[in-house]
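A quick write-up on the structure given underneath.
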Amino acid sequence: MAQARLYDLETGTFTLYDDGQPELTEPFAEPTLEYLKSLAVLEQKSFAHKLLRATDWYVIRSLELGVVAAPIPAVVTAYRSGVRTAADARCAVINAAIDKTALSALMDNQAAALTAAVQWPSELDSQYTYYS
């Protein structure tokens, strides 16, 4: 028997669904600042993972064949390092938010607020990427 919990933004309640049928509605507890920060950090790390995934094959090939036989191009290494650095810096900006209002302002306007702090590296030329 599959269950799902869905949050209704309008009522502030979770509804338990069992096989698609609503069973129980319970009041929603206000999320803590730490919880909201963890969601925002997860979002940044997920995006970094997406960016790194396109060049993971270089790392795997280098590990399988050896660095001498299959070196990772310097442009790819620099890009991957830039992604990790940007993700860490963006997470630090998020974790520095002192209250929910500051975090909300930061996340509601990510393009301006986070990008002003730290930009993601420019995309690699398509010859260096591979999406599986």
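The values are calculated or read from the model by the stated rules, or taken from the named source; none is laboratory data. Remember, predicted model here, so these are calculated numbers, not experimental data. All Cβ positions, glycine included, derive from the backbone under ideal geometry; neighbour counts span all protein chains shown.
Considering each residue of the range 88-101, count those that are of a type outside the set (D, E, K, R), loosely packed, with under 14 Cβ neighbours inside 10 Å and closer than 9 Å to L33 by Cβ, and give that number. Counting residues in the range 88-101 that are of a type outside the set (D, E, K, R), loosely packed, with under 14 Cβ neighbours inside 10 Å and closer than 9 Å to L33 by Cβ gives 1. A search for C-beta distances below 7 Å between a residue of the range 102-124 that is under 19 Å from L33 (Cβ atoms) and any residue that is part of a loop (DSSP other than H, G, I, E, B) and modelled with pLDDT of 65 or more, counting only pairs 6+ apart in sequence or on different chains, returns L103/A97; L106/A97. Among the residues of the range 48-58, is there at least one that is among the β-branched types (V, I, T) and within 13 Å of W120 (Cβ to Cβ)? The answer is no, given that none of the residues of the range 48-58 is among the β-branched types (V, I, T) and within 13 Å of W120 (Cβ to Cβ).
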